[in-house]
1. Ignoring everything except DSSP H segments at least 4 long, calculate the 222 nm mean residue ellipticity for the chain; use -39,500 (n - 2.57) per segment, divide by total residues, nearest 500.
2. Could you give the angle, 0 to 90 degrees to the nearest 10, between helix 11-26's Cα long axis and the longest principal axis of the Cα atoms of the chain?
3. What order do you get for 38, 161 when you list them from fewest to most C-beta neighbours inside 10 Å?
4. How high is the relative contact order of segment 17-148, in percent, with contacts defined as C-alpha pairs under 8 Å that are six or more residues apart?
5. Compute the relative contact order of segment 20-74 as a whole-number percentage, counting only Cα pairs closer than 8 Å that sit 6 or more residues apart in sequence.
6. For each of 221, 152, 192, count neighbouring Cβ atoms within 10 Å of the residue's Cβ, then give the residues from fewest to most.
7. For the chain, what does the equivalent ellipsoid look like in terms of its semi-axes, each the square root of 5 times an eigenvalue of the Cα gyration tensor, given largest first in whole Å?
8. Could you state the principal axis extents of the C-alpha atoms in segment 1-111, from the largest down, to the nearest angstrom?
């Protein structure tokens, strides 16, 4: 009779396993509600062994946060091909897929969770926001973004984050509608800024020049035109 022998993991392999287990648990419940005992049980090891690899729950949480932050930042990476509106829509699709799959963990990532006040956790969150900002700027194709463009893009990244957090509380709006709405929000933010600044107006004209009428930005224009009552005079 042969007896199955459990393979012994190396240090780094075990650490990665524990991070994966923690992330899976954090995907369903807030990290505050997940104990070390639960993580140990899910990993098939003892509680003391978890502490052998991580000094405490905070260090394990920060390691899980690091992996989640890296994955979330990658959701903003998009090939520089095709109209900007379509690219942003694909980015929002991947972003909300992450949010949908990792609801409690995403909330903890953005709100601090058990690492609230941790300088490392805050730095990782800022890295995600900065990575998203840089990706969008690259897509717009402006080497030295003016202050108003930086404000538009950073405001939009913040809006996407806050919208996702609100959406998680009940998911009362279809996800696809929110993804499209956020792309429209980007266009609206850029348009308002362009109304006040010639440099932003030139950037907006450049963006719209490559947009098809049936794309996300074209759809927004159609929706806005439909809201204007017949016979209302335009600006003079």
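1. One gets -22500 deg cm²/dmol as the mean residue ellipticity at 222 nm.
2. 60
3. Exposure proxy ranking, most exposed first: 38, 161.
4. Here the relative contact order equals 32 percent.
5. Across segment 20-74, relative contact order equals 35 percent.
6. 192, 221, 152
7. Computed over the chain, the values are 44, 18, 16 Å.
8. 62, 36, 22
Readers should treat all values here as calculations from the given coordinates under stated rules, not as data from a laboratory. Small disclaimer: the values here were computed from a predicted structure and weren't measured. Note that each Cβ is placed from the backbone with ideal geometry, even for glycine, and that neighbours are counted across all protein chains shown.
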